[in-house]
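The values are calculated or read from the model by the stated rules, or taken from the named source; none is laboratory data. Everything numeric in this text was worked out from a predicted model, so none of it was measured. So basically every Cβ, Gly included, is an ideal-geometry build from the backbone, and we count neighbours across all protein chains shown. These area figures cover heavy atoms from the full protein model, side chains too; ligands, DNA and RNA do not enter into them. Shrake-Rupley method; radii C 1.70, N 1.55, O 1.52, S 1.80 Å.
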Amino acid sequence: MEATALATLPPAELETEAERLFRALLHVDCEPGRQWNIDTCRRIAPLTLEINRLKREQDAVILTHSYVEPEIIYGVGDFKGDSYFLSLKARDVQAKKIVFAGVVFMAETAKILSPHATVVVPDRGSGCSLADSLTGEQLRRLKAAYPDAAVVCYINSTADVKAESDVCVTSGNVYDIVAQLPQRRILFVPDRLMGDNLRNELKRRGVDKEIITSDGTCIVHDVFDAASVAEARVRFPGLKVVAHPECTPEVAAAADFVGSTGAMMKYVKTTTAPYFLMLTECGLVGRLQVEAPEKHFIGGCRLCPYMKLNSLEKVRDALRAPRPEQIVTLDEDIRRRAARCIERMFELAPKD
Ligand code: 13P
Ligand code: SF4
């Protein structure tokens, strides 16, 4: 924040904003070395005031994934949630500009669904180990090897991969959508572990499918292990273990609940237990500390290095004067083909 911009803001307005942020963030202590005390909030307040003013002036909305820093989600975000919820919002918002505080594949999805909006990302480096594991060209080669398979892509994939796929899925609807497809053989990309969980869940449901996967994994979720879950259960009787389907099948089997980040939040809010172990990025624990401060969480903190590239300063810059690399652009043919695959997801996803 420049000294000049700070100087023009009335001290009372700054203090009111700092207190608003402090009231929202006071219970958050999920990230080692970070605190959201009143001094932090006073430092942040000039930025959130400026971003919220820029949003109004530019007819912009800010979509925030639950893994980004809480001062973005609760300080300037208009919508917060998981990939499915945010893709619905990206399709439906009428704003001229969308700032996507998440990762690049999410912003690309917003551009696919709202081509007339200017879509900007705070940091172009915010990739994803899953999306970055497979190119459109590699998928074309896989498709040639399995010509009879339905091609299903997890939303954590590039626009090119979506353009080559029959239907997109998210962590919240993958099982229900794949179960409905007429083809027996499914080429599921790019998450090998979610593919393993999909195979197990469909078997449990009595749905006969052959699941072929590519070899991507999420660097945050693939390291949780079932032995640590067993140890935690001994140390914390009554513990509920909540996992994301990007975890290994062993971890999923050891959990009490497996679901999207949105479903994980709902499970914790509606479940009574002395402790919860969240096997996901710890931004989700931060959200729960804000929205369900009476719950207790155990376990360490795993950060997604890509999600954590987002900052209030970068959100402000993306709104005020976006650099070319912050503006999402897509080839129109790829965008149209990718849109078909996402719209198919909206048709097949359970409505709740
Ligand atoms: P959700 O859609 O469940 O929020 O998952 C997104 C993600 O990137 C998880 O790592
Ligand atoms: Fe990608 Fe994993 Fe980060 Fe989610 S947590 S954005 S899947 S690297």
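Observations on the model:
- From phi via Karplus (6.51, -1.76, 1.60), per-residue ³J(HN,Hα) for region 190-199 in Hz, x at Gly/Pro: x, 9, 4, 6, 5, x, 5, 5, 5, 4
- For the pair residue 223 and residue 140 in one chain, pulling the backbone fully straight at 0.36 nm per residue adds 26.9 nm over the alpha carbon distance.
- Neighbour net charge for residue 193 - beta-carbon separation under 9 angstrom, K R +1, D E -1: -3
- Amide H to amide H distances under 5 Å link residue 165 with no residue, where only residues 5 or more positions off or on other chains count and H is placed in the peptide plane.
- Under-5 Å amide H pairs with residue 213, H placed in peptide plane, nonlocal only: 188
- Accessible area per residue (1.4 Å probe, heavy atoms of protein chains only) ranks 201, 210 as 210, 201, with the largest value leading.
- Cα-based Lys proximity count in region 195-352, under 19 Å, for pairs eight or more positions apart or on separate chains: 6
- Separation between Cα centres of region 222-242 and region 272-293, rounded to whole Å: 15
- With contacts taken as Cα pairs under 8 Å and at least 6 residues apart, the chain reaches a relative contact order of 21 percent.
- Taking N as the residue count of the chain, its C-alpha radius of gyration divided by 2.2 N^0.38 Å amounts to 1.01.
- Modelled FRET efficiency - R0 25 Å, residue 230 with residue 291, Cβ distances, 0.05 increments: 0.30
- Backbone geometry of region 222-228 corresponds, through the Karplus equation with coefficients 6.51, -1.76 and 1.60 at θ = phi - 60°, to 3J(HN,Hα) couplings of 6, 9, 5, 10, 5, 5, 5 Hz, x marking Gly and Pro.
- Nearest-ten-degree value, helix 11-25 long axis tilted from longest Cα axis of the chain: 30
- Selected from 40, 170, 109 as most flexible by GNM, with the chain as the system and alpha-carbon contacts under 10 Å: 40
- Using θ = phi - 60° and Karplus 6.51 cos²θ - 1.76 cosθ + 1.60, couplings along region 309-321 (whole Hz; Gly, Pro as x): 6, 6, 8, 4, 4, 6, 4, 4, 5, 5, 7, 6, 7
- Whole-percent carbon and sulfur share, accessible surface of the chain, 1.4 Å: 51
- In the chain, the calculated helix contribution to ellipticity at 222 nm averages -14000 deg cm²/dmol per residue, counting -39,500 (n - 2.57) for every DSSP H run with n ≥ 4.
- Placing dummy labels 7 Å off each Cα toward the beta-carbon, the span from residue 200 to residue 266 is 2.2 nm.
- Looking at the chain alone, DSSP beta bridges between its own residues are antiparallel in about 5 percent of cases.
- Each of 116, 11, 292 was scored by the projection of its Cα onto the charge dipole of the chain, and the greatest displacement toward the positive side belongs to 116; charges sit on the C-beta of Lys, Arg, Asp and Glu.
- Trypsin sites (Lys or Arg not before Pro) within region 199-241: DSSP coil, no more than 13 neighbouring Cβ in 10 Å: 205
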